[in-house]
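Presented below is the structure to which this report refers.
The values are calculated or read from the model by the stated rules, or taken from the named source; none is laboratory data. All of these numbers come straight from a predicted model, not from anything done at the bench. Here Cβ is always computed from backbone atoms with ideal geometry, including for glycine, and neighbour counts include all displayed protein chains.
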There are 2 protein chains.
Amino acid sequence: MAYDGRDFAGWAYQPHPPGLRTVQGELQRVLGHLFGADVDVQCAGRTDAGVHATGQVAHVDVPAWPSDVDARRINRALPDDIRITAIERAPAGFDARFAAIWRRYVYRVCDDGLGPAPLLRHLALPWPRALDVEAMNRAATPLLGEHDFAPFCKQREFATTVRGLQRLDWHRDDTGLAVMTVQADAFCHSMVRSLVGVMLPVGDGRKPEAWPRQVLDAGVRDSSVTTMPAYPLVLAEVGYPPAEDLLARQRETRSVRTRES
Amino acid sequence: MAYDGRDFAGWAYQPHPPGLRTVQGELQRVLGHLFGADVDVQCAGRTDAGVHATGQVAHVDVPAWPSDVDARRINRALPDDIRITAIERAPAGFDARFAAIWRRYVYRVCDDGLGPAPLLRHLALPWPRALDVEAMNRAATPLLGEHDFAPFCKQREFATTVRGLQRLDWHRDDTGLAVMTVQADAFCHSMVRSLVGVMLPVGDGRKPEAWPRQVLDAGVRDSSVTTMPAYPLVLAEVGYPPAEDLLARQRETRSVRTRES
């Protein structure tokens with residue numbers, strides 16, 4: 001599914017205060033109405049307030065799928081800032097979150113000094129200094145692999161912050177924006193936006209290329225790493241293993257992972 | 001310049017009611033402040049309420065350009081739904097409107113049944129039936145050339161509605177949207193949106209391919225032609241002749257054209 005995160009207090013349903021709008025809440029309301037029964041919608045990446053998605057994945061467990069309910073009908077009932085892009089029947093026991101093997105996010109930054117294009121300004125962070133994409137890529141490489149990303153996470157007690165960072169790189173898109181692509185088995189809370197915050201000062205020359213790895217090695221949250229704004233962040237895609245490996249993958253991640261992914 | 005038309009009552013400054021937000025009004029306010037003098041900003045295509053621009057062109061006549069005023073500084077003072085993309089010194093007497101030899105607009109339609117992508121829904125009209133782009137292109141060809149487009153224009157007394165239609169075609173973009181590109185020496189009021197309105201019923205098979213030309217030949221406004229919504233419409237580019245032909249072009253268009261372009 002895809003959604004525009006601007007008018008949502010994030011993915012996760014929040015009963016308090018009443019009326020707080022969330023993606024899960026809207027989906028459960030609409031699907032509950034179409035199915036004539038309460039529905040629990042569980043997603044792969046529980047996005048924060050303001051974060052968008054073009055490739056979110058979620059599952060619902062229903063006794064039987066009503067034959068007259070398809071993506072078109074659900075979309076007609078949904079507000080236009082959420083769209084189901086495809087629906088398929090999953091293997092029994094499939095869990096959108098625990099079966100996922102990676103999440104990929106993108107983050108867009110406009111550093112041209114003139115400011116973001118007005119029609120796309122909801123998707124790009126204005127940055128006042130020119131960014132050296134190659135310098136950011138050199139600084140990103142030492143972060144790849146499995147590490148304790150605690151210095152980049154909002155700490156929660158008893159939750160592991162060890163993650164496997166599979167990809168972290170920057171490129172220029174065809175409009176000149178600097179786009180960060182980041183992929184990991186999972187992310188802890190605020191991790192992507194803290195990674196952006198450690199990369200941009202390298203890109204504009206205020207910090208050395210070695211700094212991001214130094215922050216990682218220090219092992220504790222560094223107050224000079226800014227958690228960047230949520231609105232340029234998009235959950236782009238979620239990866240799953242082949243169907244035959246799905247259930248084994250779920251058992252494995254359920255046993256080691258906590259609630260942060 | 002580029003702007004997001006959503007929060008503007010069109011290009012043209014409107015003194016009444018006070019506080020009505022227009023692109024011209026915002027530019028004149030900000031430039032007047034930076035120049036320390038009233039500034040009159042004249043554009044090539046006076047877009048309607050809700051219409052966007054990625055390639056609008058405008059001129060200002062100033063005794064001298066302050067050396068400390070550039071596009072970055074103007075953009076910092078402008079609200080973020082307007083952006084100056086470039087500024088250059090024009091030949092003496094240049095007029096952004098009368099010197100222009102063509103305007104090009106694009107109009108985006110989402111006909112996939114699932115509805116527009118949430119992050120781009122402010123730029124695409126949802127259309128409930130699948131469109132045949134080739135059929136629309138065949139129907140468009142007989143409209144090319146110089147004609148009296150009165151059947152597609154909001155009539156204004158004493159204003160000619162003869163226009164030279166240089167391009168009218170549809171294609172699929174890389175996200176699957178149907179995109180109409182239209183280019184003419186100039187457009188009369190609501191003409192682009194009426195052209196969309198005459199094409200879509202051909203595209204979805206409810207009208208024959210000959211219909212748009214029949215509407216043109218009838219010479220009068222046809223109530224079955226809908227003026228489509230403004231929000232998917234973008235002024236993409238304005239064309240000018242080489243510098244040495246600019247002033248001759250202006251004299252010519254001033255003498256035959258009325259206020260509608």
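Does residue A:108 count as modelled with pLDDT of 95 or more, in contact with a helix residue (DSSP H, G or I) (Cβ under 6 Å, 6 or more places away or on another chain), more than 25 Å from residue B:114 (Cα to Cα) and not aliphatic (A, V, I, L, M)?
Numbers: modelled with pLDDT of 95 or more: yes; in contact with a helix residue (DSSP H, G or I) (Cβ under 6 Å, 6 or more places away or on another chain): yes; more than 25 Å from residue B:114 (Cα to Cα): yes; not aliphatic (A, V, I, L, M): yes.
Yes: the conditions hold for residue A:108.
Any residue at all in segment B:60-75 that is under 30 Å from residue A:55 (Cβ atoms) and either surrounded by fewer than 19 Cβ atoms within 10 Å (Cβ to Cβ) or in contact with a Pro (Cβ under 7 Å, 6 or more places away or on another chain) (or both)? So far as segment B:60-75 goes, no, none of its residues is under 30 Å from residue A:55 (Cβ atoms) and either surrounded by fewer than 19 Cβ atoms within 10 Å (Cβ to Cβ) or in contact with a Pro (Cβ under 7 Å, 6 or more places away or on another chain) (or both). Across segment B:21-46, the qualifying residues are those that are of a type in the set (Val, Ile, Thr) and modelled with pLDDT of 95 or more, and the one among them that is surrounded by the fewest Cβ atoms within 10 Å (Cβ to Cβ) is B:22. Within segment B:108-150, restricting attention to residues that are in a loop (DSSP other than H, G, I, E, B) and of a type in the set (Gly, Ala, Ser), the residue that is farthest from the other protein chains (Cβ to nearest Cβ) is B:130. Every condition in (1) assigned to a helix (DSSP H, G or I); (2) more than 22 Å from the chain's Cα centre (by Cα) holds for residue A:198 except the one numbered (2).
In segment A:81-105, what residues are within 14 Å of another protein chain (Cβ to nearest Cβ) and loosely packed, with under 15 Cβ neighbours inside 10 Å? Answer for segment A:81-105, where residues must be within 14 Å of another protein chain (Cβ to nearest Cβ) and loosely packed, with under 15 Cβ neighbours inside 10 Å: A:86, A:87.
On inspection, residue A:69 fails the criterion of being among the β-branched types (Val, Ile, Thr) and closer than 24 Å to residue A:173 by Cβ. In segment A:156-168 there is no residue matching the filter, namely being touching a Pro at 6+ places or on another chain (Cβ under 6 Å) and at pLDDT below 85.
Apart from one condition, residue A:170 fits all of (1) within 30 Å of residue B:54 (Cα to Cα); (2) more than 18 Å from the chain's Cα centre (by Cα); (3) more than 14 Å from chain B (Cβ to nearest Cβ); (4) not β-branched (Val, Ile, Thr); the exception is (2).
How about segment A:228-259: which of its residues are in a loop (DSSP other than H, G, I, E, B) and without any contact (Cβ under 8 Å) to a residue 60 or more places away in the chain? It would help to see each step written out before you state the result.
Within segment A:228-259, the first condition is being in a loop (DSSP other than H, G, I, E, B), and the residues that meet it are A:228-232, A:240-242, A:257-259.
Listed by number, the list holds a single entry, A:242.
Collect the residues in segment B:46-78 that are in contact (Cβ under 8 Å) with a residue 40 or more places away in the chain, more than 9 Å from chain A (Cβ to nearest Cβ) and either farther than 17 Å from residue B:34 by Cβ or assigned to a loop (DSSP other than H, G, I, E, B) (or both), keeping them in residue-number order. Working first, answer last.
Kept after step one, since they are in contact (Cβ under 8 Å) with a residue 40 or more places away in the chain, are these residues of segment B:46-78: B:46-58, B:74, B:77-78.
Checking which are more than 9 Å from chain A (Cβ to nearest Cβ) leaves us with B:46-51, B:55-58, B:74, B:77.
Answer for segment B:46-78, where residues must be in contact (Cβ under 8 Å) with a residue 40 or more places away in the chain, more than 9 Å from chain A (Cβ to nearest Cβ) and either farther than 17 Å from residue B:34 by Cβ or assigned to a loop (DSSP other than H, G, I, E, B) (or both): B:46, B:47, B:48, B:49, B:50, B:51, B:55, B:56, B:57.
Tallying residues that are more than 13 Å from the chain's Cα centre (by Cα) and buried (at least 20 other Cβ atoms within 10 Å of the Cβ) within segment A:2-20 yields 1.
Quick grid of which residues meet (1) touching a residue at least 24 places away in the same chain (Cβ under 8 Å); (2) of a type in the set (Phe, Trp, Tyr):
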{"site": "A:118", "(1), (2)": "no, no"}
{"site": "A:124", "(1), (2)": "yes, no"}
{"site": "A:130", "(1), (2)": "yes, no"}
{"site": "A:145", "(1), (2)": "no, no"}
{"site": "A:149", "(1), (2)": "yes, yes"}
{"site": "A:174", "(1), (2)": "no, no"}
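Is there a residue in segment B:23-33 that is among the basic types (Lys, Arg) and away from chain A (no Cβ under 14 Å)?
Pass one, segment B:23-33, residues among the basic types (Lys, Arg): B:29.
Next, only the ones that are away from chain A (no Cβ under 14 Å) stay: B:29.
Yes, segment B:23-33 has at least one match.
Kindly indicate which of A:204, A:174, A:217 is surrounded by fewer than 15 Cβ atoms within 10 Å (Cβ to Cβ), modelled with pLDDT of 95 or more and out of contact with any helix residue (DSSP H, G or I) (no Cβ under 6 Å at 6 or more places or on another chain). Among A:204, A:174, A:217, only A:217 is surrounded by fewer than 15 Cβ atoms within 10 Å (Cβ to Cβ), modelled with pLDDT of 95 or more and out of contact with any helix residue (DSSP H, G or I) (no Cβ under 6 Å at 6 or more places or on another chain).
For the condition among the hydrophobic types (A, V, I, L, M, F, W, C), outside the structural domain of residue B:49 (by TED's automatic domain parsing) and touching a Leu at 6+ places or on another chain (Cβ under 9 Å), what is the one hit in B:195, B:235? I'd like the intermediate steps shown before the answer.
Numbers: B:235 fails: touching a Leu at 6+ places or on another chain (Cβ under 9 Å).
Residue meeting the stated conditions: B:195.
Filter segment A:184-212 down to residues that are among the basic types (Lys, Arg) and closer than 20 Å to residue A:155 by Cβ, then give me how many there are.
Initially, segment A:184-212 is screened for residues among the basic types (Lys, Arg), giving A:193, A:206-207.
Now narrow it down to the ones that are closer than 20 Å to residue A:155 by Cβ: A:193.
Result for segment A:184-212: 1.
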